[in-house]
Amino acid sequence: MSCRAFVLLLPIRWCGARGPPPVLMDTTPLQGPLSQLGPLRFQQVRRTGDEPVFNSLIEHHHYLGYEQPVGEHLKYLVWVQGRPVACLAWSSAPRHLGSRDRFIGWSAQARRRNLRFVAYNSRFLILPWVQVEHLASHLLGHMARRLSGDWEQVYGHPIYFLETFVDPQRFRGTCYRAANWVLMGYTTGRGKDDQTNRPNRSIKEVLGYALTPRFRQLLTEV
């Protein structure tokens, strides 16, 4: 007789607790080759009944926790065998990002006009009990194929370019590189509201991925 392991995380608020409450989750280890994992189901959960599940998983299993995105954004749960295995969040891109702006080569006017065509991968979580080699890069590849269409369905315009940050003190960014994302440069480590011109946080790699070969032409139009 076998039994599945559950983390008993009932939606109870403790005094002083903030953020999405935890949920009941099957934590039975999921291992093996990607080819034997079974079909993956991608579910865009923003404004659906499963959005709280996404929020809770990010809050309790991602090292940055959950923050409510501002502006345009989409949230995805990835399911296997009726269980969530991953979460991906995409949101509006930062207005000023020097390495990205130099890589694209757009003017300030073009950036203001076309920034809405860039999406930022703000959260990417493979749940800790899921250990499937190459899964992360496979998910990124699938997202690259569907995100623009989903974005256009919700917001009325496509996406031409993707970007994200990787903290090299914590991660190597292997899955992004395996999915053909490129290093555009580094953050300054100062934050958007800095007044000191001195680093006050970790310097991160800035990675990008073009969804169309014409991304520079499309993004530099004014």
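If only one of ASN55, ASN114 is among the polar types (S, T, N, Q) and under 29 Å from TYR186 (Cβ atoms), which one is it?
One residue alone meets the criteria, ASN114.
Can you pull out every residue in the stretch 97-139 that is closer than 20 Å to PRO39 by Cα, touching a Leu at 6+ places or on another chain (Cβ under 8 Å) and without any contact (Cβ under 8 Å) to a residue 60 or more places away in the chain?
Hits for the stretch 97-139 are PHE124, ILE126.
Tell me, which residue of the stretch 32-54 that is modelled with pLDDT of 95 or more and closer than 14 Å to LEU127 by Cβ is farthest from the chain's Cα centre (by Cα)?
In this case the residue turns out to be LEU40.
Which residue out of TYR76, TYR63 is closer than 21 Å to VAL166 by Cα, in contact (Cβ under 8 Å) with a residue 40 or more places away in the chain and in contact with a helix residue (DSSP H, G or I) (Cβ under 8 Å, 6 or more places away or on another chain)?
Only one candidate qualifies: TYR76.
Does PRO128 satisfy the condition of being surrounded by fewer than 20 Cβ atoms within 10 Å (Cβ to Cβ) and within 19 Å of the chain's Cα centre (by Cα)?
For PRO128, the condition - surrounded by fewer than 20 Cβ atoms within 10 Å (Cβ to Cβ) and within 19 Å of the chain's Cα centre (by Cα) - is met.
When the stretch 57-77 is examined, which residues are found to be in contact with an Asp or Glu (Cβ under 8 Å, 6 or more places away or on another chain) and buried (at least 18 other Cβ atoms within 10 Å of the Cβ)?
Residues satisfying the conditions are TYR66, LEU74, LYS75, LEU77.
Would you pick out the residues in the stretch 163-186 that are surrounded by 16 or more Cβ atoms within 10 Å (Cβ to Cβ) and free of Cβ contacts under 8 Å to residues at least 60 places away in the same chain?
THR164, PHE165, VAL166, GLY173, CYS175, TYR176, ALA179, TRP181
The values are calculated or read from the model by the stated rules, or taken from the named source; none is laboratory data. Values in this document were obtained by computation on a predicted structure and should not be read as measured data. Neighbour counts are summed over all protein chains in view; Cβ atoms, including those assigned to glycine, are modelled from backbone coordinates with ideal geometry.
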